[in-house]
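Input: a single structure, listed below in structure tokens.
Values quoted throughout were computed directly from the atomic coordinates according to the rules given, and no laboratory measurement underlies them. On a predicted model such as this, the values are computed, not experimentally measured, just so you know. Quick reminder, even Gly has a Cβ in these numbers, built from the backbone with ideal geometry, and neighbours come from all protein chains shown.
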Ligand code: HEM
């Protein structure tokens with residue numbers, strides 16, 4: 001969707017994603033993360049980080065954010081997976097997309113009948129007031145469900161793996177307990193891992209002069225944010241993971257009008273998840289060799305399918 005339509009829709013939900021609003025959710029996010037770590041601790045010292053932590057954290061948070069029932073997590077995780085799997089057949093992608101749109105529509109209907117003060121309830125009021133079309137409301141809820149859990153889950157799992165694979169960085173991470181140090185580490189992990197590893201595709205609407213060349217109107221453009229995040233003109237020694245570099249100008253959340261609206265929420269989730277995981281599970285380590293870890297090379301977002309870890313019980 002292009003402007004002006006895109007901005008008009010985006011404005012309907014920008015207030016929900018201000019840093020202030022998202023910061024007010026930090027205690028709730030901390031409590032979700034602590035609850036998941038509690039259950040890992042109860043169950044023993046070996047666990048799969050993806051299914052027990054990385055995927056449940058953002059799935060639970062997006063349910064709270066949208067006012068969706070927690071028991072629906074499996075439903076939308078499975079459909080999102082089909083939607084972004086490059087190996088899905090067109091029929092599978094269409095099925096997943098129909099199911100998710102149906103789900104979003106039902107959630108909006110439920111909130112219209114029984115509003116609960118969340119974002120979805122507010123959207124259904126806007127629909128009733130005819131300030132937002134029914135179809136657009138469904139698209140907003142859908143984009144938040146799909147964009148709001150799988151990306152962050154991949155970052156939690158891959159970021160943990162990257163720290164485990166760089167013991168000197170992990171030691172620095174454990175030593176830096178100030179909020180800005182944890183936030184800085186999360187930014188560097190976002191830059192270094194750049195999980196949306198398929199370039200954003202665009203079409204130039206006008207001739208664009210860029211760095212001595214011209215992109216002709218009508219040309220296809222691939223905005224390779226993964227390559228930009230490893231540009232030595234922007235980051236010294238870009239292939240090194242350095243959690244104390246200031247990487248805040250990375251492009252892992254995109255750039256321009258479609259830049260990730262959920263980034264403040266993702267940031268808080270990542271900060272809380274990494275900090276709590278390494279603080280509460282001492283001696284966290286990979287159970288298998290790195291060669292046995294299965295990476296998501298065939299998905300739109302990079303990640304791992306599972307990550308068997310162990311930790312030292314006291
Ligand atoms: C670490 C986690 C995340 C990463 C790396 C990420 C990355 C991105 C990127 C690169 C884009 C730009 C797409 C483009 O230019 O075409 C984007 C857009 C978007 N993201 Fe995220 N995202 C994350 C988390 C989230 C969360 C938590 C939410 C919602 C709760 C979310 C919702 C969205 C939405 C709705 C868009 C479309 C925005 C628009 O078109 O205006 N994302 N994301």
Given the options 59, 51, 289, which has the most mean-square fluctuation in a GNM of the chain, springs set between C-alpha atoms less than 10 angstrom apart? 289
What nm value, rounded to one decimal, do you get for the distance between residue 214 and residue 89 when each label is placed 7 Å out toward the C-beta? 4.8 nm
How high is the relative contact order of the stretch 3-145, in percent, counting Cα pairs under 8 Å that sit 6 or more residues apart? 19 percent
Once all Cα-Cα distances of the stretch 87-244 are split into 5 Å bins that start at 0, what whole-number percent is in each one? 1, 7, 11, 12, 12, 11, 13, 14, 11, 6, 1, 0
Place a point 7 Å from Cα of residue 11 in the direction of its Cβ. Which residues in the stretch 252-274 have their backbone N less than 20 Å from it? 256-262
Can you give the translational diffusion coefficient of the chain in µm²/s, computed by Stokes-Einstein from the Kirkwood radius over Cα pairs at 25 °C and 0.890 mPa s? 118 µm²/s
Can you tell which of 34, 231, 85 shows the greatest fluctuation in a Gaussian network model of the chain with Cα springs below 10 Å? 231
Contour minus Cα-Cα span, residue 285 to residue 81, at 0.36 nm per residue, comes to 70.7 nm
